[in-house]
Structure formats: structure tokens, C-alpha cells
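The values are calculated or read from the model by the stated rules, or taken from the named source; none is laboratory data. This one's a predicted model, so the numbers in the text were calculated from it and none came from an experiment. Methodologically, a virtual Cβ is constructed for each residue, glycine included, from the backbone with ideal geometry; neighbour enumeration extends over all protein chains shown.
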Amino acid sequence: MTYVIAAPCIADYSCVEICPVDCISPMPQDPGFEKAEQLYINPDVCVDCGACVEACPVLAIYKEDHLPLKWQHYTQINADYFSQKPLAAAGSTSNHE
Ligand code: SF4
Ligand code: SF4
């Protein structure tokens, strides 16, 4: 299980500031930043604490099994960001484990 960022994300970084394991990307210094349409949660690192949900001003973050039907494909979109864009993952030291 993981948390997932869906379409409403406005990339204000409120969730990044509160996440205890730094699993939300990209940050402005990351190579994939300019091409990213939103922020994404790394499902392999997220510890399911839920802290980011309350931090988000636009209700863009959901527990995987609580995603609205229209956004259920965002589970894959978030995971794909980390599995298919090695440049982005490589740009964050916290994800390099
Ligand atoms: S649920 Fe917790 S660990 Fe997962 S992305 Fe949100 S703040 Fe980070
Ligand atoms: S707090 Fe919400 S809107 Fe802001 S970056 Fe995170 S998911 Fe996107």
C-alpha cells in the first residue's frame, strides 16, 4: 500500500516539507523537474504515515485504495515516474538506496 498524488496537484511542495522519508519528487534541483506535470510519491519508500494528506491544500493525495475511481490510474502514474525516469530518481540522493 502507498499514498498517491492525483490530478489536482498544484506543486506547492507542502507535502514535500512534511514527508518524513523524503519520498515525494521531483524537487526543483532534480533533473526531471522541468518535465514533471505534478509531484509523485515513490511507492517503494512511502511509509503510509498519511501526514501529506492533511498538508495538501487541494486534496490531491489519497491512500491507494481510497482513490476516486476517475484517478485510480494515478497509482501507476506515480510508480512509473520512479521506474521509468531514472534521471529523475538519480537526481534525488534520498531515493538512491
Ligand atoms: S504517506 Fe507519509 S511517507 Fe507517504 S508520501 Fe505521505 S508523508 Fe510521505
Ligand atoms: S501538497 Fe498537494 S498540491 Fe502541494 S505538491 Fe503535494 S500533492 Fe501537490
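Some observations on this one:
- Counting only residues that are part of a helix (DSSP H, G or I) and out of contact with any Cys (no Cβ under 8 Å at 6 or more places or on another chain), region 5-19 holds 2 of them.
- Only one of 55, 51, 89 that is out of contact with any Pro (no Cβ under 6 Å at 6 or more places or on another chain), modelled with pLDDT under 95 and surrounded by 13 or more Cβ atoms within 10 Å (Cβ to Cβ): 89
- Among residues of region 20-46 that are in a strand (DSSP E or B), those with a beta-carbon under 9 Å from a residue that is within 12 Å of ligand 2 (Cβ to nearest atom) and among the small types (Gly, Ala, Ser) at least six positions away or on a different chain give the pairs 25/36; 40/25; 41/25.
- If you check 39, 59 for being on the phi > 0 side of the Ramachandran plot and either within 11 Å of ligand 2 (Cβ to nearest atom) or among the small types (Gly, Ala, Ser) (or both), only one passes: 59.
- Test: residue 37 is out of contact with any strand residue (DSSP E or B) (no Cβ under 9 Å at 6 or more places or on another chain) and among the charged types (D, E, K, R): yes
- Across region 58-86, the number of residues qualifying as part of a helix (DSSP H, G or I), at pLDDT 95 or above and buried (at least 16 other Cβ atoms within 10 Å of the Cβ) comes to 7.
Residues are listed down the side, and each one gets a yes or a no for (1) under 12 Å from the mean Cα position of the chain (by Cα); (2) more than 12 Å from ligand 1 (Cβ to nearest atom); (3) surrounded by fewer than 16 Cβ atoms within 10 Å (Cβ to Cβ):
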position	(1), (2), (3)
18	no, no, yes
24	yes, no, no
27	yes, yes, no
35	no, yes, yes
47	no, no, yes
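- Close pairs from region 48-63: first free of Cβ contacts under 8 Å to residues at least 60 places away in the same chain, partner near ligand 1 (Cβ under 8 Å from one of its atoms) and of a type in the set (Ser, Thr, Tyr), Cβ under 6 Å, at least 6 apart: 61/3
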